[in-house]
Amino acid sequence: RNNLILFGQDWDLGFTGFQYGFTPSSEVIVNLIFKAFLPLASAGLLLIFVAWRWGRLYCGWLCPHFTMVESLNRLMLHATGKPTLWEKAPLPLQQPSGEILRTSRLYWIPLLLLSVGMAVVWAVAILTYAIPPDVVYYNLLHWQLTLPQFLFITVVTLVLALDFIFARHLFCRFGCSVGLIQGLAWMANRSAMTIGFNRKEAKDCHDCNNACDNICPMRLKPRTLKRKMFTCTQCGECIEACIQVEAQKGKPGLLKWVDGECASHKITGKDHGKDCF
């Protein structure tokens, strides 16, 4: 259609007018700069700035793939006792809240249904970026998909279903370019917001079953150095888990959000003398 589409409305860049001689090339160039390049560049810079200052907030709070990671991790934990198939051993059944997790192979049913069902939804949604949505949905509802449309939805569904069942956090850690860019920006800022650990009260961890490690969707160890937390999505699950565990002892949690000077210990692992807790 020779233009961009924003919220269903044409975002005309002047290509059609230029093609038929109505729009001068200078106007097309101005449109490309101010209507296409600058908005996209601004969105990219905003993403990088947010990551530099606060970490991978997009991953942990806005990314639909990470929503699937957390949801399917929980179902697989119920089905196998492990959040992913690649975990070396089952996790402790006692949850941070004190409840005992119940496991059953029956949870494989909702796990597979959700994985395949969402894979189909995503495949159709992705196809609507290339073909008008009303055409795709009409063909789908009336069983009139063309061969290319059918093959696209089938292949993408298969790939996404395999990702949801087997990969999930592995894709977030090693395959997502958006996550990589955010991670690099975050690592470049020594004062960026991160998970702080109260090392002075580390003895309280001795009678804990590593709840903060177990709950992490990305399978990281929140108490370790920042360079080993490169793919942290700032979801805060570890902080909540620690608060629940310590609350049963009548104590505050040992993990919390820190930034500035208090975040520097995640770089060196040393206490710089400032009381951050």
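Restricting to segment 26-85, name every residue that is of a type in the set (S, T, N, Q) and either in the same structural domain as LEU111 (by TED's automatic domain parsing) or within 30 Å of ASN214 (Cα to Cα) (or both).
Hits for segment 26-85 are THR67, SER71, ASN73, THR80, THR84.
Within segment 102-135, work out how many residues are surrounded by 11 or more Cβ atoms within 10 Å (Cβ to Cβ) and either of a type in the set (Gly, Ala, Ser) or farther than 26 Å from LEU162 by Cα (or both).
Selection size over segment 102-135: 7.
Given the condition modelled with pLDDT of 90 or more and surrounded by fewer than 16 Cβ atoms within 10 Å (Cβ to Cβ), answer yes or no: does some residue in segment 73-82 qualify?
yes
Name, by its number, the condition in (1) within 17 Å of PRO64 (Cα to Cα); (2) in contact (Cβ under 8 Å) with a residue 24 or more places away in the chain; (3) of a type in the set (A, V, I, L, M) that does not hold for ILE153.
(1)
For segment 118-135, check the following and say yes or no: at least one residue is over 26 Å from THR231 (Cα atoms), of a type in the set (Gly, Ala, Ser), part of a loop (DSSP other than H, G, I, E, B) and without any contact (Cβ under 8 Å) to a residue 12 or more places away in the chain.
Checked against the condition, which is being over 26 Å from THR231 (Cα atoms), of a type in the set (Gly, Ala, Ser), part of a loop (DSSP other than H, G, I, E, B) and without any contact (Cβ under 8 Å) to a residue 12 or more places away in the chain, segment 118-135 yields at least one hit.
Suppose the filter is surrounded by 13 or more Cβ atoms within 10 Å (Cβ to Cβ) and not in a helix (DSSP H, G or I); does LEU91 pass it?
yes
Which condition number in (1) touching a residue at least 40 places away in the same chain (Cβ under 8 Å); (2) crowded, with 16+ Cβ neighbours inside 10 Å is the one that ALA167 fails?
For ALA167, the failing item is (1).
Going through segment 4-42 one residue at a time, which ones are assigned to a helix (DSSP H, G or I) and in contact (Cβ under 8 Å) with a residue 12 or more places away in the chain?
The answer is PHE15, THR16, GLN19, GLU27, VAL28, ASN31, LEU32, LYS35, ALA36.
Restricting the search to segment 53-68, which residues are in contact with a helix residue (DSSP H, G or I) (Cβ under 7 Å, 6 or more places away or on another chain), of a type in the set (Ser, Thr, Tyr) and within 14 Å of GLU237 (Cα to Cα)?
The answer is none; no residue qualifies.
Is there a residue in segment 138-161 that is outside any helix (DSSP H, G or I) and in contact with a Ser or Thr (Cβ under 9 Å, 6 or more places away or on another chain)?
no
The values are calculated or read from the model by the stated rules, or taken from the named source; none is laboratory data. Small disclaimer: the values here were computed from a predicted structure and weren't measured. All Cβ positions, even for glycine, are placed from backbone atoms using ideal geometry, and neighbour counts span all protein chains on display.
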